[in-house]
Amino acid sequence: MSDRAKAAVHARTKRFARVGEPMTPIAALDRQARHRPDGVAFAWQDQVWTYFKLGYEVERLAAALLGRGVKRGERVVLHMTNVPELVVAIYACFRIGAIAAPLYTRLKTPELRALLQRLRPAFYLGQAQFYPEIAAIDAAVLATKGRFVLGDIENELVQPWEHLYKITATTSRLHDPVADAPAVLLATSGTTGQPKFVTHTPATFAAGIELFGHLHLDSEHTVLNALPMIQVAGLLTLGACIRFGAPMALMQSFQPDAVLDAIARYRCSWMLGVPLMFAEMVATQRARARDVGSLSCCYSAGDVCPLDLQRAFAAVFGSPLSSLWGSTEALGFLHGLQVGPVTRIPPGAEVRLVDDSGAEMARGDVGEMLVRAPTVTPGYWIGPDQIEPLSVDGWFPTGDLMRRGDDDDELLFVARKKFLIIRGGSNISPIEVENVLQAHHAVRNAAVLGIPDDRLGQRVAAAVELVEGSDDDAIDDIMAHAKANLADYKVPERLKAVGEIPRTTLGKIDRRALLTMMSDA
């Protein structure tokens, strides 16, 4: 990492010291294993993992990785769903200073090859069902001696998980983790579609975890985690549970029936998810009610949470659903502790709203949000000891348009800057139009975007998923509803009913795929 990037991380960490004392992930696990060895770290299916068991397995895998030659700073690819071995592997990397590089399990061979060519990993830990997409990747990119998978597989170039432990080092400890060294690389799509690796260090990761304390997370809560831990929100939730000693019910994937059953079984009280997850939970609970009265703290992140969904969730579950804002680059940043679009700036963080020239916006005006906080990434990982800084003087441009609320620490999300629709010189927030469309009784979900137009620059287009049983007149009725509730220039000029709105692996609207879908309309 460059001296400039290190200095930026030190500065952010110093500012954060005013808020609390962040604890590195491995230090948090060590503390729990030492002081609460019999405490429940997580439950998975019918297994219960105590802190002692988790700490023991982390030490065991760390020693195995060292015994097989994995060095500090080398990349270890993690290609798994939410299974206990993923938890162990993440913390084993933290233990020895290797860089954990989780990859999406839905990627195909060409996508994985491109990522692996850039990572040049020392090791691959995966699951047998995903390995076929790896099998054809050349040994020059991913050494065959470093490929290990869970589950049964017939392939001479990969070894079963159990063989990891045939060679172990005498100790799993190199020395204390370097707070400012890369610890996790999180793949994220850039604006060009070329994936980038967002770097996080033990210091930035610890600072992001610490913010969960502002979300009332403590050892009195039991957490339901159905977010993939190969992505930032699920990974942070894992780290926060260990940091604050909150038992976690770990779901291998999100299935609404299984999630509701787990909430009832484990009396879960705290949950972080994306809007689509909560919408499916509402529909599933209405179809077959469970005893889920234990839920008391629920937070929606990853995309805009419609107000109607927040109200429906509260009505069905008797618990508020609040909004959060964060990004892979700025961990766990803005928190909302009330129903509605307002989020608040946490202690220790700084925010500016600026126009395209960098000038500060007046209260009530919309501007791009710049953030400076100890949770902000030092930059994109280019290669060993090569980090591309994302910020100027510590200020990270988020690409999100915000407006200040009544108080200085209140912010209201308006739109993603790159998704803002500019029609004939007028700015239109897709979120505003989506909220109007989703208020119609026949609309289950809506997605709005701008489609290119030679005369106006862009025109407004919308796709809607209709409620089951909607008749042929629904589209005309929805359009009439939009015209009655929106200024003329905001009304969709193209409205299409679709079976399913395309979404990313995080459950966000995939607006690139949607643009293709609407262009073919």
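All of the numbers you see were taken from the coordinates with simple rules; none came from a lab. None of the values given here were measured: they were computed from a predicted structure. Heads up, the Cβs are rebuilt from the backbone with ideal geometry, glycines too, and the neighbour counts pull from every protein chain shown.
When you restrict to C-alpha pairs under 8 Å that are six or more residues apart and normalise by the size of region 51-176, the relative contact order lands at 32 percent. Ellipticity at 222 nm from helices only: DSSP H runs of n ≥ 4 in the chain, each -39500 (n - 2.57), divided by the residue count, give -9000 deg cm²/dmol.
Here the spin labels are modelled as points 7 Å beyond Cα on the Cα-Cβ line, and at ASP261 and ALA114 they lie 3.9 nm apart.
Tell me, what are the semi-axes, in whole angstrom and largest first, of the equivalent ellipsoid of region 21-161 as set by the roots of 5 times the Cα gyration tensor eigenvalues?
Details: eigenvalues 153, 56, 34 Å².
Semi-axes (√(5λ), whole Å): 28, 17, 13.
Full extension of the segment from ASP38 to ALA487, taken as 0.36 nm per residue of separation minus the current Cα-Cα distance, would add 155.6 nm. Is the C-alpha gyration tensor of region 328-480 telling us rounded, prolate or oblate? Criteria: a/c under 1.5 is rounded; beyond that, a/b larger than b/c is prolate, otherwise oblate. Prolate.
Once the Cα gyration tensor of region 74-141 is found, what semi-axes does its equivalent ellipsoid get, as square roots of 5 times the eigenvalues, in whole Å, sorted largest first? All intermediate terms of the calculation are to be shown ahead of the outcome.
Details: eigenvalues 74, 43, 15 Å².
Taking √(5λ) for each eigenvalue gives 19, 15, 9 Å, largest first.
Projecting the Cα atoms of GLY302, GLY399, LEU157 onto the charge dipole of the chain, computed from C-beta unit charges around the Cα centre, puts LEU157 farthest toward the positive end.
How charged is the neighbourhood of ASP406? Take every other residue with its Cβ under 14 Å from the Cβ of ASP406, and add Lys/Arg as +1 and Asp/Glu as -1. Each step should come with its number before you reach the end.
On the way: positive: ARG344, ARG363, ARG403, ARG404; negative: ASP407, ASP408, ASP409, GLU410.
Local net charge: 0.
Model label points for ASP46 and LEU157, set 7 angstrom from Cα along the Cα-to-Cβ axis, are 3.8 nm apart.
Applying 0.36 nm per residue to the separation of THR81 and ASP291 and subtracting their alpha-carbon distance, the gain on full extension is 72.9 nm. Label point of ALA143 set 7 angstrom out along Cα-Cβ; within region 82-126, amide nitrogens under 11 Å from it belong to 121-124.
If the segment from ALA135 to ASP453 were pulled out straight at 0.36 nm per residue, it would be longer than the present Cα-Cα gap by 110.0 nm. Normalising the average separation of contacting C-alpha pairs (under 8 angstrom, six or more residues apart) by the number of residues puts the relative contact order of the chain at 12 percent.
A cut-off under 10 angstrom between Cβ atoms defines the neighbours of TRP270, and their net charge, with Lys, Arg +1 and Asp, Glu -1, is -2. Annotation note: GluC sites (Glu not before Pro) in region 126-178 located in DSSP loop regions with a Cβ neighbour count of at most 16 within 10 Å are GLU154, GLU156.
In terms of surrounding Cβ atoms within a 10 Å radius of their Cβ, CYS298, CYS268 rank from fewest to most as CYS298, CYS268.
Local charge for LEU125 was computed over the other residues whose Cβ lies under 12 Å away, with Lys and Arg +1 and Asp and Glu -1, and equals +2.
Excluding residues fewer than 8 places away in the same chain, name every one of the aspartates and glutamates whose C-alpha is closer than 15 Å to that of LYS196. In chain and number order, the partners are GLU111, GLU329, GLU388.
Just to confirm the filter: which trypsin sites (Lys or Arg not before Pro) across region 65-143 are DSSP coil and have at most 15 other Cβ within 10 angstrom of their Cβ? Write out the running numbers ahead of the final one.
Details: sites: ARG68, LYS71, ARG72, ARG75, ARG95, ARG106, LYS108, ARG113, ARG118; in loops: ARG68, LYS71, ARG72, ARG106, LYS108.
Hits after loop and neighbour filter: LYS71, ARG72, ARG106, LYS108.
Would you mind classifying region 460-521 by shape? Square roots of the alpha carbon gyration tensor eigenvalues, ordered a ≥ b ≥ c; an a/c under 1.5 is rounded, otherwise it is prolate if a/b is larger than b/c and oblate if not. Taking the square roots of the gyration eigenvalues as a ≥ b ≥ c, region 460-521 is oblate.
Just want to confirm a number: the relative contact order over region 427-503, from Cα pairs under 8 angstrom separated by 6+ residues, in percent. Reported relative contact order: 33 percent. Every Cα-Cα pair in the chain was counted, and those over 43 Å apart are 17% of them. Of the trypsin sites (Lys or Arg not before Pro) found in region 342-389, the ones in coil according to DSSP and having at most 14 other Cβ atoms within 10 Å of their Cβ are ARG363. A simple spin-label model places pseudo-atoms 7 Å from Cα toward Cβ; at LYS166 and ALA27 they are separated by 3.9 nm.
With a ≥ b ≥ c taken as the square roots of the eigenvalues of the C-alpha gyration tensor of region 420-519, please select rounded if a/c is under 1.5 and otherwise prolate if a/b is larger than b/c or oblate if it is not? Oblate is the answer for region 420-519, as a/c is 1.5 or above yet b/c matches or exceeds a/b.
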